């Protein structure tokens, strides 16, 4: 006798629980809905229907991948971010809700500007930051995204098309990817750089440590390597009064603020995420216009 949809899903949840998967119920449901191509409402209304055996085999495959440590998002090749749909695979970091704090803060600041803005997302990965800003600001922003990884740029291109936004993609290390002739023309430089210290890299959860790209995680011995580099490089690219926006680790607010202050940035501010942790540092670089008091884009 074939299983019903309800029985198939519950068996999957029990399988995950038996392998000590922490979020077994949530993960089992997400994998089930992806394998059977149904949503929660369909499941609730039709749970007593017979489960398609071919779909059930896909579900079993997903479950086996999950108990081996593979993140759900890589298994189903998708993640929601800022209410938008993103494709993800092991070439890119999985977008986190923490990063929405950065995007929301940048979007709020951009609303105050009355001109077409020029912005760059450095180390774009999946493109979640650049695509989201382009989607919500539409014609009000010219968005560029850079990454050292060609694979990451391919994923970002997929997500730009998926969300119907225009995005210029450039390959290179940090701001070195930006055109030389466009120095000192950028209103916003934005980045969620790798910020996990070497010590903390060893303590990451298995599904992060073994499956997500190390290039997108490791921030050097103290986790601050890329903040130092971005702080130096951005000064050559921001227009006078342009702004640098950075996601940070929960305990890095003071250190990153100090780095930027020492590089001559003004108006250094720390913003907290929904959990009350430091999550974003922003700063303005006045450059040659400092004596004129021009501190806005």
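The values are calculated or read from the model by the stated rules, or taken from the named source; none is laboratory data. Here the structure is a predicted model, which is why all the values come from computation and not from measurement. Every residue, glycine among them, receives a Cβ derived from its backbone with ideal geometry; neighbour counts consider all protein chains shown.
Somewhere in the range 250-258, is a residue closer than 30 Å to residue 68 by Cβ, touching a residue at least 40 places away in the same chain (Cβ under 8 Å) and surrounded by 17 or more Cβ atoms within 10 Å (Cβ to Cβ)?
no
Would you mind finding the one in 264, 241, 231 that is in a loop (DSSP other than H, G, I, E, B) and either in the same structural domain as residue 97 (by TED's automatic domain parsing) or at pLDDT 95 or above (or both)?
264
Can you tell me which residue is farthest from residue 239 (Cα to Cα) among those in the range 181-213 that are part of a helix (DSSP H, G or I) and modelled with pLDDT under 95?
206
Within the group 224, 274, which residue is assigned by TED's automatic domain parsing to the domain that holds residue 200, touching a residue at least 24 places away in the same chain (Cβ under 8 Å) and surrounded by 21 or more Cβ atoms within 10 Å (Cβ to Cβ)?
Being assigned by TED's automatic domain parsing to the domain that holds residue 200, touching a residue at least 24 places away in the same chain (Cβ under 8 Å) and surrounded by 21 or more Cβ atoms within 10 Å (Cβ to Cβ) holds for just one of 224, 274, which is 224.
Identify the single condition in (1) farther than 15 Å from residue 212 by Cβ; (2) buried (at least 21 other Cβ atoms within 10 Å of the Cβ); (3) assigned by TED's automatic domain parsing to the domain that holds residue 213 that residue 95 does not satisfy, given that it satisfies every other one.
(1)
What do you reckon, is residue 247 touching a residue at least 12 places away in the same chain (Cβ under 8 Å), in contact with a helix residue (DSSP H, G or I) (Cβ under 7 Å, 6 or more places away or on another chain) and farther than 22 Å from residue 131 by Cα?
no
Quick check on my filter: what residues within the range 51-73 are outside any helix (DSSP H, G or I) and surrounded by 14 or more Cβ atoms within 10 Å (Cβ to Cβ)?
Matches in the range 51-73: 51, 52, 69, 70, 71.
Collect the residues in the range 180-192 that are out of contact with any strand residue (DSSP E or B) (no Cβ under 7 Å at 6 or more places or on another chain) and closer than 26 Å to residue 218 by Cα, keeping them in residue-number order.
none
Could you check how many residues of the range 99-132 are buried (at least 24 other Cβ atoms within 10 Å of the Cβ) and without any contact (Cβ under 8 Å) to a residue 12 or more places away in the chain?
So the answer is 0.
Let's see how each residue does on (1) touching a strand residue (DSSP E or B) at 6+ places or on another chain (Cβ under 9 Å); (2) at pLDDT below 95; (3) closer than 13 Å to residue 3 by Cβ:
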{"residue": "26", "(1), (2), (3)": "no, no, no"}
{"residue": "32", "(1), (2), (3)": "no, no, yes"}
{"residue": "49", "(1), (2), (3)": "yes, yes, yes"}
{"residue": "59", "(1), (2), (3)": "no, no, yes"}
{"residue": "77", "(1), (2), (3)": "no, no, no"}
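Do the conditions hold for residue 264, that is, is it within 19 Å of the chain's Cα centre (by Cα) and surrounded by fewer than 21 Cβ atoms within 10 Å (Cβ to Cβ)?
On the way: within 19 Å of the chain's Cα centre (by Cα): no; surrounded by fewer than 21 Cβ atoms within 10 Å (Cβ to Cβ): yes.
So residue 264 does not fit the description; no.
Of all the residues that make up the range 87-109, how many are in contact with a helix residue (DSSP H, G or I) (Cβ under 8 Å, 6 or more places away or on another chain) and in a loop (DSSP other than H, G, I, E, B)?
9
From the list 96, 40, 91, which one is out of contact with any strand residue (DSSP E or B) (no Cβ under 7 Å at 6 or more places or on another chain) and in contact (Cβ under 8 Å) with a residue 12 or more places away in the chain?
91
Hey, does the range 110-126 have a residue that's part of a helix (DSSP H, G or I) and more than 30 Å from residue 20 (Cβ to Cβ)?
Yes - at least one qualifying residue is present in the range 110-126.
Consider residue 166 carefully, then state whether it is outside any strand (DSSP E or B), touching a strand residue (DSSP E or B) at 6+ places or on another chain (Cβ under 9 Å), surrounded by fewer than 23 Cβ atoms within 10 Å (Cβ to Cβ) and in the same structural domain as residue 119 (by TED's automatic domain parsing).
yes
Within the range 227-243, identify whether any single residue is more than 19 Å from residue 259 (Cβ to Cβ) and free of Cβ contacts under 8 Å to residues at least 12 places away in the same chain, and answer yes or no.
Within the range 227-243, none of the residues are more than 19 Å from residue 259 (Cβ to Cβ) and free of Cβ contacts under 8 Å to residues at least 12 places away in the same chain.
Could you figure out which of (1) in contact with a helix residue (DSSP H, G or I) (Cβ under 8 Å, 6 or more places away or on another chain); (2) surrounded by 15 or more Cβ atoms within 10 Å (Cβ to Cβ) isn't true of residue 135?
Here residue 135 clears every test but (1).
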